[in-house]
Every structure is written in structure tokens, then in C-alpha cells.
């Protein structure tokens with residue numbers, strides 16, 4: 001059998017990470033008024049070496065989040081919070097203050113899912129929701145109004161709370177919009 005026509009090649013740039021934030025997210029605004037956040041995420045790998053000794057290695061990743069998703073992440077995630085990040089790798093180049101060319105590879109988050117919170121970590125102070133009540137993210141990916149508490153979702157155990165999810169599609173972001 002002979003193939004007719006051209007062969008289409010599909011490319012894929014997809015990253016999935018589960019880890020803990022190494023610092024509180026930083027939120028900034030571009031000159032055009034778009035919100036952008038960044039934070040570090042640590043992931044670890046555990047294995048046994050050839051001598052049967054347990055080994056552990058930690059990797060640190062730079063995460064960039066755009067738009068309303070950046071605002072929500074900076075509001076609800078803190079240093080030590082667990083998060084699942086789905087996104088894509090992006091490499092940027094720029095010149096530093098000394099005129100040296102610099103390059104960095106980071107993960108542009110397309111979807112962020114919050115990890116479980118320990119007891120006592122509720123909605124941040126001043127948000128109006130009862131202590132311990134998890135913010136609810138609906139289909140439009142924004143937290144529900146604190147004035148209207150949501151029905152509790154089914155939980156697997158009493159110590160785990162529902163995990164909110166952020167899934168926002170943003171317009172293509174240009175590297176010159178990045179303020180850092």
C-alpha cells in the first residue's frame with residue numbers, strides 16, 4: 001500500500017507536575033494591564049540505588065501563570081502549598097543590566113489544580129467564607145461569591161477537603177509582556 005499526500009506530524013509540548021510551592025506567588029501587572037504571576041515549584045524523586053540505598057533528588061521549576069488564573073493562584077496558594085500544574089515549556093532570552101544575554105526555561109501554566117489543605121487552612125482572612133470552607137471554582141473558573149456559601153462536595157475522608165481547579169484559556173502571551 002502506498003501513502004498518498006503529505007504526512008502530518010503532530011508536535012506536543014506538555015508538562016505535568018505535582019509539587020509544593022517554594023515561596024508565595026508573586027503577582028505583577030504588565031504595561032497592558034494583564035496580570036501575571038510566578039512562583040517556584042519543587043518536585044522530588046525517590047529511588048533505590050544499585051546498593052539498595054534510598055536516594056532522593058529534588059528539582060525546582062519556575063512557573064508562570066497569566067490573567068485571572070494568576071490572581072486566584074496568588075490569593076489561595078502559599079509557600080508549601082501542594083499544586084498540580086499542567087502547561088507547556090517556554091524558553092525566553094533577554095539581556096541583563098550588564099548587557100549579557102540570558103536564557104531561562106519555565107513552565108507556562110495552562111491549568112492549575114490546588115492540592116489538599118491541612119485542617120485550619122481555610123479561605124484567607126477577609127474573604128467572608130466560614131473558616132475551613134474551601135473556595136469553589138465553577139465552570140467559569142472564578143471563585144464563587146463569599147456571600148453565598150456553596151453546598152459541601154462529597155469527600156473521601158473527613159480530613160480531606162475538595163480541591164478547587166483553575167482551567168482558563170488565555171490569548172497568546174508575548175515575551176515582551178513579561179515584566180520580569
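Read the figures in this text as sums done on the coordinates, not as results from a lab. Since the model is a prediction, treat every value here as computed from it, not as a measurement. Positions of Cβ are generated from backbone atoms using ideal geometry, with glycine treated the same way; all protein chains shown enter the neighbour counts.
Miscellaneous remarks
- Potential lengthening between residue 47 and residue 30 on full extension [0.36 nm per residue; Cα-Cα distance subtracted]: 1.9 nm
- Sorting 50-59, 77-86 by average packing, meaning the other beta carbons within 10 Å per residue, from highest down gives 77-86, 50-59.
- Computed from the C-beta positions of residue 56 and residue 111 and an R0 of 30 Å, the FRET efficiency is 0.65 to the nearest 0.05.
- Under 15 Å from the residue 88 label point (7 Å along Cα→beta-carbon), backbone N, segment 6-43: 10-16
- Peptides 20-28, 93-101 ranked from most to least packed by the mean count of surrounding Cβ atoms within 10 Å: 20-28, 93-101.
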